[in-house]
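Read through the structure below, which is laid out as structure tokens, and then see the notes.
The values are calculated or read from the model by the stated rules, or taken from the named source; none is laboratory data. Computed from a predicted structure; not experimentally measured. Every residue, glycine among them, receives a Cβ derived from its backbone with ideal geometry; neighbour counts consider all protein chains shown.
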Amino acid sequence: MIIVNDLHKQYGDVIALEKVSLTVEKGELFGLIGPDGAGKTTLMRILMSLLLPDTGSATMSGLNVVTDYKKVRLITGYMPGRFSLYPDLTVEENLKFFATVFGTTIEENYYLIKDIYQQIEPFKTRRAGKLSGGMKQKLALSCALIHKPEILILDEPTTGVDAVSRKEFWEMLKRLRDMGITILVSTPYMDEASLCDRIALIQQGQLMSVATPQVMMNSFPEDIWTVRTRKVYDTSKFLESLPSLISVNSFGQVLHLVTTKGAHTSHSIQQFLLAKGEAESVVESSGATIEDVFILLMNHHKHK
């Protein structure tokens, strides 16, 4: 449904996208995962024909995003990173406006937005600019869906939204996916990666890995440990001198420790910390998270 082939975009000396290639299948919920400045928004703007690539090509449902841009815009729904609806229009007026632009009505495609719109319908006479973050997000998604697009492009739709609204939003996306809509969504939140069918990890304009979340986590090539300690900073500093260390990172009050495959046991790490005078730490073997995968790939990427 989406084919990206060697897309390259540069601003002066800054490379925003470096020969990026990927495919998104029909009816797939595909996640583009990476921090701010990774190139996610640039890629999405090129796909939406809002930005021209320097080199490379991309198609959406067989339509070239450069030469067929008018047709591309008819078959896609787009939610940019910033709230971009008309703040002085009411909820209902915004929805009617976008339906009219695409030559349809709210009634014709109401079934598509029913689950989402019903949550904000009690506030349909309220100006969009006065809505909460979660309600703005639901309105923006309703406006992006009202013309029954084949493809949804969502740029960091849950940034700055509360945890409950984030959960609701992903449940909505899964329902839309089940209706056959192809969804490309970007997010800086690693925990949202596991909610996608497949993901691409992107950093500094380069794709580091593309796979299902489970495959990425299961194929983690090193040993990973959780270290629970009251003295997170001190313990982290001790572990920096552990032989065969790859990385140590703080995940809240827990340290994630990555070591060379087979180099350690939980007992040997515990003994190392005891020798440093750290007697209260608890070391356990752990499975990798998407964040662990991302950090490992990022470190490899830096040292290339």
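Brief remarks on what is shown
- Selection from region 165-181 of residues that are of a type in the set (K, R) and either outside any helix (DSSP H, G or I) or in contact with a Ser or Thr (Cβ under 8 Å, 6 or more places away or on another chain) (or both): R166
- Residue match in region 154-161 (condition: in a helix (DSSP H, G or I), buried (at least 21 other Cβ atoms within 10 Å of the Cβ), in the same structural domain as R45 (by TED's automatic domain parsing) and under 16 Å from the mean Cα position of the chain (by Cα)): no
- Residue check, I146 among the β-branched types (V, I, T) and within 24 Å of the chain's Cα centre (by Cα): yes
- Elements of the type helices (runs of 4 or more DSSP H) sitting completely within region 187-304 and holding at least 2 residues that are of a type in the set (S, T, Y) and at pLDDT 90 or above: these cover 232-239, 266-275.
- Taking the criterion of being free of Cβ contacts under 8 Å to residues at least 60 places away in the same chain and in contact with a strand residue (DSSP E or B) (Cβ under 7 Å, 6 or more places away or on another chain), the residues of region 214-228 that qualify are V227, R228.
- Residue among I146, I153 that is within 30 Å of H301 (Cα to Cα) and either modelled with pLDDT of 90 or more or touching a helix residue (DSSP H, G or I) at 6+ places or on another chain (Cβ under 6 Å) (or both): I153
- Test: L184 is in a helix (DSSP H, G or I) and modelled with pLDDT of 90 or more: no
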